[in-house]
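Here is the structure we will look at.
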Amino acid sequence: MQLTEEQIDFLQKNSKKYQDLNVLTQKCFGNDDLDGRTKEGRSVRKFLIENDIKFNTQFKGKQEPIKFSKEQKEFIIQQAEDGLSSLEIAKLLFPDKRVNPLSLEQRGVLDIIRDVNPDIIPSKDSGALNSYIAPKATSRILKKVNEATGLSLEESKINRQYQICIERLGIHLNNSRFLKIMNNYLDVSDRELFEQEFIRLTWDKPDLSADEINLYLNVCKEIINLEVVSKHLNKLNDMFDIADDQTEMSVRLAEIIKAKSSEYHQCEGRIENLTKKLQGDRSDRMKNKKKENASILSIVQMFQEKEERDNMVRIAEMQKETVKKEAERLEGMAEWKARILGISQDDVI
């Protein structure tokens, strides 16, 4: 919008008297309903900026994000691990400021926490680094699948079958027992291994029953137990090597190693039995499902065949009726024409 000469002259003379952009716009155009956001206000703003004339406005420019030091970041992570929320941490970091929910300070702290746990819920970030939070976004679930399986699936390229798998996996990761087990593991490496094993074993099986989900959870628990026992065995073997010249200690360690080895093999056996049961039960269920589908398919085919036969009979009846009507019409013609054509009703009955 172009300003007139009179409006330009008014702005030059009154820009110091009315420094508020809204007031200046209203006085310039003689309209109290205008403000700096209207096209008139924007034209006034443009003129003032081009002529380097200072003015005041209620608009607040975009605030720059807070840059935290290394020490501040470490403080944030430590406090989050102790169970404090992002708002509580922000208040500790900025005691001289009035920190409110969704303030720049609180959002800055939340971003630091999210770098560690991207799945946290902003409204429930208290204890975000202690409790396992199941991912809900498809992109996050897909990322976990790729990490657990070594695949390179892309959200924009997955087919409908994979979409169903991802949706079902999201439900499984929010299973109450899964969450309980995950939060029982205090060691982060154990928690990550349990999650990855569960995803690897179940992500491409969207038809799992509740009982099968529980069995897969048991398998994953046994896998963690196996790793823990293996770690213990490694430490015991190291101790045995060190105590080689101490007969009494060596004997005691040998007994403990034997017991641990037995525990290790028992754990392996439980994993094998659970896996066989899962594979067998699911295989039988899939076979039964195929039989049911085959039976349904047969019924559909039989129905289609019967329907086709009925249609053929109906068409034949319609054709017969049409020929009969045509014969009646011809018989209504002069007798000599009908005889020449050689057609009578008896021919079609």
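The values are calculated or read from the model by the stated rules, or taken from the named source; none is laboratory data. Treat the numbers as computed from the prediction; the structure is a model and nothing was measured. All Cβ positions, even for glycine, are placed from backbone atoms using ideal geometry, and neighbour counts span all protein chains on display. The protein model used for the area step is the full one, side chains on, heavy atoms only, and it has no ligands, DNA or RNA in it. Shrake-Rupley method; radii C 1.70, N 1.55, O 1.52, S 1.80 Å.
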- Query: What accessible area, in Å² to the nearest ten, does a 1.4 Å probe give for Thr322?
  - Reply: 90 Å²
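Within the set Lys136/Lys231; Lys231/Lys276; Lys157/Lys180; Lys73/Lys221; Lys231/Lys258, which residue pairs have Cα atoms separated by over 23 Å? Before the final figure, lay out the partial values.
Working: Lys136/Lys231 34 Å; Lys231/Lys276 26 Å; Lys157/Lys180 33 Å; Lys73/Lys221 34 Å; Lys231/Lys258 14 Å.
Beyond 23 Å between Cα atoms: Lys136/Lys231; Lys231/Lys276; Lys157/Lys180; Lys73/Lys221.
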- Rounded to the nearest whole Å², what accessible area per residue is found for region 93-233 with the 1.4 Å probe? 53 Å²
- Task: Could you point to the residue in Ala259, Ser209, Val188 farthest towards the positive end of region 180-262's charge dipole, with +1 and -1 charges on the Cβ of Lys/Arg and Asp/Glu respectively?
- Result: Ser209
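Tell me, what % of the accessible area of region 1-119 is carbon and sulfur with a 1.4 angstrom probe? Numbers along the way, then the final one.
Details: 3920 of 8430 Å².
Its accessible area is 47 percent carbon and sulfur atoms.
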- Task: Take the Cβ-Cβ distance between Gln163 and Asn31 as r, set R0 to 56 Å, and report the resulting FRET efficiency rounded to the nearest 0.05.
- Result: 0.55
